[in-house]
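The structure under discussion appears below in the form of structure tokens.
The values are calculated or read from the model by the stated rules, or taken from the named source; none is laboratory data. Every value quoted in this text rests on a predicted model; they were computed, and no experiment measured them. With ideal geometry, Cβ positions are generated from the backbone for all residues, glycine too; neighbour counts draw on all protein chains shown.
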Amino acid sequence: MKKYIPILKRTQLFSGVGEEEIGAMLNCLQARICTYKKGEYVLRQGEHTDTLMVIAEGKLHIQRDDYWGNRSIINMVSAGEMFGEAYVAPESGALMNDVLAVEDSVVIFFDVKRIITVCPTACRFHSAVVQNLFFAISEKNRRLVQKITFMSKRTTREKLIAYLSEEAKRNNSSEFSIPFNRQQLADYLSVDRSAMSNELCKMRDEGMLEFEKNRFVLHDAVTA
């Protein structure tokens, strides 16, 4: 567990908390580590959880499959990011999505009740962690609203433009890499992969962008 303390220090949950303080809080928060191979499920839709999770290594997809097996990627979680905060409230219900390891991954679980309740030993930085959790939930809500903006677009091209434009702004550059391959991007935007690939080629031929695998270069027609 100690080797992951530097990673925890970089997370939003432990922002402003020193490594020594984090180490002292791990027992208080009942932290435990689980490892997952690529393709293994961390959590399944319909399960219940009372833990908050931070990924220490690897990459996870929060996703959902419908009755016919069509997949939608809700979010991607990388090392140093937190997930599960949507279920910290009492009686929050069963998980609505699956959490799948898309790379070999290490996940640290924290007892939610221990986080939101001040411990008997009154850890000096416990209140800061509670505050950070509140800010993290607010940030996740903002990202959800952002994705809804992408999804609200009527056509595949409009969804691509909205998503790629936002990535360019986030990277402060017209050249950037996205965290998805073609199928994953199609699942994230809820569009057909072939139709999306055809639209990307049309946009390239029209001079709107260039791309190679997950690397994109946007031209003024898109970023303006």
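A few points about this structure:
- The set of residues in the range 45-84 being part of a loop (DSSP other than H, G, I, E, B) and of a type in the set (Val, Ile, Thr) consists of 49 alone.
- Candidate set from the range 120-175 (those that are touching a Ser or Thr at 6+ places or on another chain (Cβ under 6 Å) and in a helix (DSSP H, G or I)); member that is farthest from residue 220 (Cα to Cα): 132
- Of the residues screened, residue 73 is one that is in contact with a helix residue (DSSP H, G or I) (Cβ under 6 Å, 6 or more places away or on another chain) and either in the same structural domain as residue 135 (by TED's automatic domain parsing) or among the β-branched types (Val, Ile, Thr) (or both).
- The set of residues in the range 135-171 that are without any contact (Cβ under 8 Å) to a residue 60 or more places away in the chain, among the hydrophobic types (A, V, I, L, M, F, W, C) and surrounded by 12 or more Cβ atoms within 10 Å (Cβ to Cβ) comprises 137, 144, 150, 151, 160, 162, 164, 168.
- Of the candidates 150, 135, the single residue that is out of contact with any strand residue (DSSP E or B) (no Cβ under 9 Å at 6 or more places or on another chain), under 30 Å from residue 16 (Cβ atoms) and aromatic (Phe, Trp, Tyr) is 135.
- Among the residues of the range 167-212, those that are aromatic (Phe, Trp, Tyr) and within 17 Å of the chain's Cα centre (by Cα) comprise 180, 188.
- Long-range neighbours under 7 Å by Cβ, at least six apart or interchain, first residue part of a loop (DSSP other than H, G, I, E, B) within the range 177-188, second loosely packed, with under 15 Cβ neighbours inside 10 Å and not β-branched (Val, Ile, Thr): 178/214; 180/214; 181/214
- Evaluation of residue 88 against (1) of a type outside the set (Phe, Trp, Tyr); (2) at pLDDT below 95; (3) closer than 30 Å to residue 192 by Cβ; (4) under 20 Å from the mean Cα position of the chain (by Cα) (one fails), failing number: (3)
- Residue within the range 140-149 that is more than 30 Å from residue 115 (Cβ to Cβ), at pLDDT 90 or above and touching an Asp or Glu at 6+ places or on another chain (Cβ under 9 Å) present: no
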